[in-house]
Each structure stands twice: as C-alpha cells, then as structure tokens.
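The values are calculated or read from the model by the stated rules, or taken from the named source; none is laboratory data. Here the structure is a predicted model, which means the values were calculated and not measured. When we count neighbours, we look across all protein chains shown, and the Cβ atoms used for this are built from the backbone with ideal geometry, even at glycine.
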There are 2 protein chains.
Amino acid sequence: MAHSHDIPTDLTRNQELVLGTLTASMGPLSAYDILDKLRGDGLRAPLQVYRALDKLVDRGLAHRLESLNAFVACADMHCHRKGLIAFAICESCGKVDEFADEVIEERLGSWARTGGFKVERTTMEIRGRCADCLKKAA
Amino acid sequence: MAHSHDIPTDLTRNQELVLGTLTASMGPLSAYDILDKLRGDGLRAPLQVYRALDKLVDRGLAHRLESLNAFVACADMHCHRKGLIAFAICESCGKVDEFADEVIEERLGSWARTGGFKVERTTMEIRGRCADCLKKAA
DNA sequence: GCCGCAAGCGTAATAACATAACATATCGTT
DNA sequence: AACGATATGTTATGTTATTACGCTTGCGGC
C-alpha cells in the first residue's frame, strides 16, 4: 500500500538527485546550494538543477520560497496539491512549516471574484520565529 | 489638511527620486529599472537605489514584491500600515492591486498562536489575470 | 526497422539581482 | 568645535537565473 513518503518512480536521474538533496536537508536550499551538494554526482551547471527544480515544483514535489530564493521538498508527500499553501519560515533556524488553509483560500477566492481577477497561483510566506527558537532565546 | 497623496517632506534626495520613479510608473520596477531611469539625475550605482528602497520599504512608502524581485509605490498613501498586505499581480499587463484583509490576517494569527510561532512579516502575492486583460482576451 | 517528434541533458556564456567594504559628506546635538 | 548618527559615492564582488545551442534518448506511427 502507498503511504505518504513514497517517492514517484518516474523521475529522471537529475530530478531524483535534486529531490533527494532537498528531502535530506533540514531547511530550504538555494539552487546553487543544491548544485554544490551534487558536484560529486556529476552535476556541473546551474541549469541542470534549475531544470529539475522546475519539474519538481510543477508536480508539487517541491516548493519555491520566493522570499528566500530557495526551495524545499514538499512536506506532505501525498498532498501534491495545487491549492494555496502557506509557509512559516523561522528566521533563526531556517525551519519551514507548511500548511493549507481553506478559509484563507476561500477568502481570497471571494476577493478575486469581486474584482474579476483570475487567480493562477498564490504565494504566502510568513517570516518570524518558531516556538523552539523563542524558547531557546528566553 | 493632509490628504492621501501627500509625500513626506523628510525624504533625502535619492529617496525622493526613487519614490518619484515608482509613483510615476504603471507597474512594478526592479532596482535596476529604477537605476536606469535615474542615470540622468546622477545616480550611478545599484546600491544608491537599494539603500533608498530599504528606507522607503521600512516606512511603508513602497513595497517589495518577492515573487518579482521588484518594487511598487504604496498605493494608499495614508495607510503605511505594518499589517498584512496582499498583492494581486496581473501577468498580462503587470498591474498590481493592493489590499488588506483582516480575516486572512486573523486566520494567520490564529494559526501562528497555535503553533507558538511569532510572526514578524508576511508576504502574500497572487498571480493571475486582471479583469481588464480577461476582457481583452475574450 | 526507421523516421520524426518530444522531452531530457550538457555546456558555455551571460543576464539580472543584491551586497561588502571603504572612504567621504552632511547634519543635529552637546 | 567635536561627536555621533545617518546618508552618500564608488569599486568590486557575490548570488541567483536564463539564453542559446547542440546532442541524446525514448516512443509512437508507418
């Protein structure tokens, strides 16, 4: 039976390498961070990473964090949703928390309907401090 | 009496130039776009623009659009709020609409409280097509 | 089989976005 | 006048992302 951490089997070699790197990482990685970690596997050029990332993001296996110019593996392997996902990014430890909220999504949809705006993609990123880091700082 | 289009008088020359450029522009501008428009006024280096932008963003007179690596003048000159602002960005014409939504803000706050996350800053950017462009395309 | 197409890959070069480091200048306060 | 804080100008550099080009691989139709 399939469970939430299955990795799709139809990824290309580069896509697999990139997704593996993201999954193994504690926090978000830039494309160049990923490249550096994969030099040993034969990757040499940024484009090899960017191309893999494009596909992974398309398929919902990874997300791009716009405010960081960085990427994370999708935390919820069975979700792969196209809907709105919000990210909470800790400025201390870099940890990223991911959540979906139907209320916000609906609210947004209603704003869009009112103005005749057709929503194609939404990014929502919250910067701050996670509970762990607040505790440590106290 | 003050009204919504007053420009603060305590801006430095560079800040004034940059804000003026943003205000005059139809859509978002990158720092380098701004620089190019201000060469005639004596600006020469990216840093001159970035420094001005930092201050303007701090004061709420301009906003940074993370998903575009670009900047816009604040649409609502008397708002200058620190709270959550959402941006709707038209992929066709580049127009940016700015709105604040308390429901979303509260919903987000409640999610954060639950997880013990301390929110410092939130960016929300909606990509899609504006009503005008949808009409033209039809 | 083999043709043709679509998707993927590799490489080099370059474009676009952003900051570090350092020196100088301007202004309000004591 | 001396000081600190803030702003400025300049050069160099660092970081992120794309363009352009050509080769390879997998796959369906003939």
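Things to note:
- Residues of segment B:8-26 satisfying the condition of being within 23 Å of B:Glu66 (Cα to Cα) and either in a helix (DSSP H, G or I) or at pLDDT 95 or above (or both): B:Asn14, B:Gln15, B:Glu16, B:Leu17, B:Val18, B:Leu19, B:Gly20, B:Thr21, B:Leu22, B:Thr23, B:Ala24, B:Ser25
- Hits in segment A:9-47 - residues which are among the hydrophobic types (A, V, I, L, M, F, W, C), farther than 23 Å from A:Glu98 by Cα and surrounded by 14 or more Cβ atoms within 10 Å (Cβ to Cβ): A:Leu11, A:Leu35, A:Leu38, A:Leu43
Quick grid of which residues meet (1) more than 10 Å from chain B (Cβ to nearest Cβ); (2) over 18 Å from A:Gln15 (Cα atoms); (3) touching a Pro at 6+ places or on another chain (Cβ under 9 Å); (4) in contact (Cβ under 8 Å) with a residue 40 or more places away in the chain:
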{"residue": "A:Gln48", "(1), (2), (3), (4)": "yes, no, no, no"}
{"residue": "A:Lys55", "(1), (2), (3), (4)": "yes, no, no, yes"}
{"residue": "A:Leu61", "(1), (2), (3), (4)": "yes, no, yes, yes"}
{"residue": "A:Val103", "(1), (2), (3), (4)": "no, yes, no, no"}
{"residue": "A:Glu120", "(1), (2), (3), (4)": "no, yes, no, no"}
{"residue": "A:Arg129", "(1), (2), (3), (4)": "no, yes, no, no"}
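- Filter result for A:Ala88 (over 30 Å from B:Ala137 (Cβ atoms) and modelled with pLDDT of 95 or more): yes
- Qualifying residue in segment B:64-74 (condition: within 30 Å of A:Glu106 (Cβ to Cβ), loosely packed, with under 15 Cβ neighbours inside 10 Å, more than 16 Å from DNA strand C (Cβ to nearest atom) and more than 14 Å from every other protein chain (Cβ to nearest Cβ)): no
- Verdict on B:Glu125 being at the interface with another protein chain (Cβ under 7 Å from one of its Cβ atoms) and in contact (Cβ under 8 Å) with a residue 40 or more places away in the chain: yes
- For segment A:48-63, filtering for residues that are surrounded by 18 or more Cβ atoms within 10 Å (Cβ to Cβ) and more than 22 Å from A:Ala88 (Cα to Cα) leaves 3.
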